Amino acid sequence: MKFSLAYEMQRPMLDDHAVIEETIEQCILADEMGFDAVWFVEHHFLTTFSGSPCPEVIFGALSRLTKNIRLGFGVSVLPYHHPVRVAERVAMVDHLSHGRVEFGTGRSAPYEQLGMGIDPRDTREMWDESLGMIPKIWEADYFEHEGKFWNVPPRQVLPKPYQKPHPPIWVAALQPSTYEIAAQKGIGVMALGVNAPGVLEPEIKKYKETVKNAKPVGGFVNDQWLSSVFGLCGEDDKATREMSAQSLKTFFGPGRPYVQDQKDVYAKLLDQWGGIPDHLVSNFARYIDVDKANTGSNGNSAVPFDLSGGALAQKIWEQFDSETMAERGVIVAGNPEACIKAARLHEATGVDELQMLMATETVEHEDVMKSIELFGKHVIPEFRKNK
């Protein structure tokens with residue numbers, strides 16, 4: 001199983017320059033410690049949350065400051081950009097890095113889409129049309145296209161990617177319908193919802209079976225599954241686990257971009273984490289009709305259909321403890337032994353790459369650097385044995 005890092009370039013209390021410098025320092029260390037990839041988001045207008053609007057720019061620096069680590073667009077938001085420009089930028093980074101690019105794609109969310117003048121209702125079709133164009137741009141001597149959203153007269157588009165025929169293609173996915181589309185198109189799944197591995201296991205098996213019959217949108221099938229978690233390694237097991245859990249809860253806290261305007265978001269998150277733990281069912285028994293609750297993937301009581309308009313679900317979510325998160329693999333956190341144990345849960349479900357978000361606004365730079373070092377020295381080698 002591969003290990004990678006995700007970057008939102010957070011910590012809004014710092015100035016932009018400090019965030020950029022710290023991020024580069026962390027990525028250089030990750031390369032030295034044997035991480036397989038770093039993935040950078042593309043966000044716009046989230047000025048108190050994320051400072052990563054143009055991954056290809058920071059990749060220009062990292063391509064020359066690192067040697068082995070792969071550089072992942074996590075993701076390039078296809079509706080925002082002309083497909084020719086996407087193809088050019090990705091190919092250029094691929095050359096600068098000597099063939100270390102991973103090309104993740106996605107659609108973003110309504111707040112950002114509307115800020116870009118994009119109708120959210122069009123983004124699925126825009127993503128699909130652009131995705132179909134980009135590999136052809138890379139492969140053709142002269143490319144032309146006439147579609148619903150983009151028209152290109154016969155033109156030669158350079159450079160072509162360094163990797164032949166092109167970098168691996170992925171899609172950000174939060175729901176089974178997208179997993180299925182990925183399998184049909186022969187592209188990798190980036191499961192970014194932060195799920196307990198037991199919840200995703202049946203979806204991974206289904207994807208792996210369906211992708212065998214893919215009609216690849218590109219020059220080859222990328223049949224890899226990536227799962228995203230919050231990760232942090234430290235010498236103090238309990239304190240590190242608590243730090244990671246707080247990072248996760250702050251990230252998905254009320255009003256934050258990934259939960260904003262979503263209905264029943266905390267009920268869904270509880271379900272993604274494997275259902276309400278038994279001790280929290282007991283704590284909230286007076287409010288929950290346990291007999292009407294679903295059964296979670298770990299045998300715990302999952303979220304009832306009605307949690308008082310979401311307020312109760314949020315309260316239970318807030319009390320979800322770090323120990324249970326770690327036991328279920330929702331976070332890969334603690335001392336090296338605990339991180340190995342949690343990562344094994346993901347490996348057992350068929351995950352090809354475990355992507356960890358370490359650097360968030362609540363985790364200090366020094367703690368991230370220590371975590372990267374400990375993962376490289378103690379965790380990653382356990383997954384390289386007999387390979």
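The numbers here are math on the coordinates, done by the rules we state, and not lab data. Note that the coordinates shown come from a computational prediction; the quantities given were computed from them, not determined experimentally. Backbone-built Cβ (ideal geometry, glycine too); neighbour counts: all protein chains shown.
Indicate the gyration tensor shape class of region 29-150 (rounded, prolate or oblate), computed on the Cα atoms with a ≥ b ≥ c the square roots of the eigenvalues: a/c under 1.5 is rounded; otherwise a/b larger than b/c is prolate and the rest oblate.
Numbers: a/c = 2.60, a/b = 1.29, b/c = 2.02.
Taking the square roots of the gyration eigenvalues as a ≥ b ≥ c, region 29-150 is oblate.
Relative to the Cα centre, what is the charge dipole magnitude of region 1-109, using +1 at the beta carbon of each Lys and Arg, -1 at the beta carbon of each Asp and Glu, and rounding to the nearest 20 debye?
For region 1-109, the charge dipole is close to 360 debye.
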* Pairwise FRET efficiency - K315 versus A61, Cβ, R0 = 41 Å, nearest 0.05 -> 0.40
* Structure fact -> With R₀ set to 22 angstrom, the calculated FRET efficiency between the beta-carbons of R256 and D16, to the nearest 0.05, is 0.65
* Members of K2/K370; K341/K370; K249/K377; K315/K370 lying beyond 26 Å, as alpha-carbon distances in this model show -> K249/K377; K315/K370
* Separation between the E209 and E146 pseudo-spin-labels, each 7 Å from Cα along Cα→Cβ, expressed in nm? -> 4.3
* To do: Quote the relative contact order of the chain in percent (integer), defining contacts as alpha-carbon pairs under 8 Å separated by 6+ residues.
  => 19
* Dipole size in debye (nearest 20) for the chain around its Cα centre, Lys and Arg Cβ +1, Asp and Glu Cβ -1? -> 1020
* Asked: Taking +1 at the Cβ of each Lys and Arg and -1 at the Cβ of each Asp and Glu, which of S247, G193, P167 sits farthest along the dipole of the chain towards its positive end, judged by Cα position relative to the Cα centre?
  -> P167
* **Peptides ranked, highest mean first, by Cβ atoms within 10 Å: ranges 154-165, 347-358** => 347-358, 154-165
* Structure fact -> Given Cβ charges of +1 for Lys and Arg and -1 for Asp and Glu, the option among G74, F49, A183 whose Cα lies farthest towards the positive end of the dipole of the chain is A183
* Which one of G188, G219, G231 has the biggest mean-square fluctuation once the chain is modelled by GNM with Cα springs under 10 Å? -> G219
* With everything on Cα atoms, drop me the angle between helix 55-65 and the longest principal axis of the chain, reported from 0 to 90° to the nearest 10. => 80
* Using 17 Å as the cut-off for backbone N distance, which residues of region 20-62 belong to the label zone defined by a point 7 Å from the Cα of H81 along Cα→Cβ? -> 38-45, 51-62
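Which of the peptides 168-178, 114-124 is most tightly packed, and how do the rest follow, judged by the mean count of other Cβ atoms within 10 Å per residue?
Highest to lowest by the protection proxy: 168-178, 114-124.
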